Amino acid sequence: MLHGMTTEPEQQIGVGTQDAFQRLWTPHRMAYIQGENKPTGPEAGDGCPFCGIPEMSDQDGLVVARGKHVYAVLNLYPYNGGHLMVVPYRHVADYTELDAPETAELADLTKRAMVALRKASGAHGFNIGMNQGAAAGAGIAAHLHQHIVPRWGGDTNFMPVVGHTKVLPQLLADTRQMLADAWPVG
């Protein structure tokens with residue numbers, strides 16, 4: 001039973017019966033739930049998507065900006081619209097494994113991402129951070145990535161709180177283009 005529910009959920013047979021609920025179908029989330037695009041192991045050659053993205057075009061890989069040591073990419077399974085990640089090209093798992101130029105560029109692209117998100121979408125605030133290791137919640141623990149999640153006053157409305165659903169108002173390809181256009185020149 002979901003937290004906060006006061007009665008047992010009813011099993012629906014077939015298409016179910018009409019009730020007061022409206023449904024927001026998000027079949028694209030099944031790829032994430034079923035682990036699609038997850039590496040098969042910890043090495044770069046084990047299907048790491050962060051190692052493969054730099055080989056793609058910006059449009060196909062959802063890359064917003066490329067630096068010498070790191071790149072900024074939209075999250076394929078975003079927490080909020082405009083959810084970016086800054087990722088080193090080098091396959092490292094831990095923040096302490098970055099060298100000085102990688103660390104500096106990761107910080108610089110994070111700052112630029114904030115500027116671009118404010119310009120393109122009027123973000124009021126940000127959640128910025130990285131989950132180090134599977135125990136800390138890293139979905140792809142073998143390749144370091146820093147999340148930049150834009151936030152707006154009131155964005156925690158009934159949908160995520162009650163409905164456990166995020167509403168994304170724009171296709172990822174359109175968001176990528178909007179942010180790439182707003183990206184500040186270094």
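Maximal additional length on extending the Arg151-Asp108 stretch stands at 13.5 nm, based on 0.36 nm per residue less the C-alpha distance.
With a Förster radius of 22 Å applied to the beta-carbon distance between Lys38 and Asp174, the computed FRET efficiency rounds to 0.25.
Seen from Pro184, the other residues with C-beta closer than 13 Å to its C-beta sum to a net charge of +2, counting Lys and Arg as +1 and Asp and Glu as -1.
Electrostatic tally near Pro101: other residues with Cβ closer than 12 Å to its Cβ, Lys and Arg +1, Asp and Glu -1, net -2. The length gained by stretching the chain between Val92 and Lys68 to full extension, at 0.36 nm per residue less their Cα-Cα distance, is 7.1 nm. When peptides 143-150, 48-55, 128-135, 112-119 are sorted by average Cβ neighbour count within 10 Å, with the highest value leading, the order is 143-150, 112-119, 48-55, 128-135.
With protein chains left intact and a 1.4 Å probe, residues in the stretch 51-159 average 45 Å² of accessible area per residue. Each residue of the stretch 73-82 is assigned a 3J(HN,Hα), and the resulting list reads 9, 5, 6, 5, 10, x, 7, 8, x, x Hz, derived from the Karplus form 6.51 cos²θ - 1.76 cosθ + 1.60 (θ = phi - 60°), x at Gly and Pro. Report note on the peptides 179-185, 87-93: ranked by the mean count of other C-beta atoms within 10 Å, highest first, their order is 87-93, 179-185. Computed from the Cβ-Cβ distance with R0 of 30 Å, the FRET efficiency linking Ala134 to Asp181 stands at 0.25.
The values are calculated or read from the model by the stated rules, or taken from the named source; none is laboratory data. Bear in mind the structure is a predicted one, so any value in this text is a computation, not a measurement. FYI the Cβ positions are ideal-geometry reconstructions off the backbone, even for glycines, and counts take in every protein chain you see. Just the protein is used for accessible areas: all its heavy atoms, side chains included, with ligands, DNA and RNA removed. Shrake-Rupley method; radii C 1.70, N 1.55, O 1.52, S 1.80 Å.
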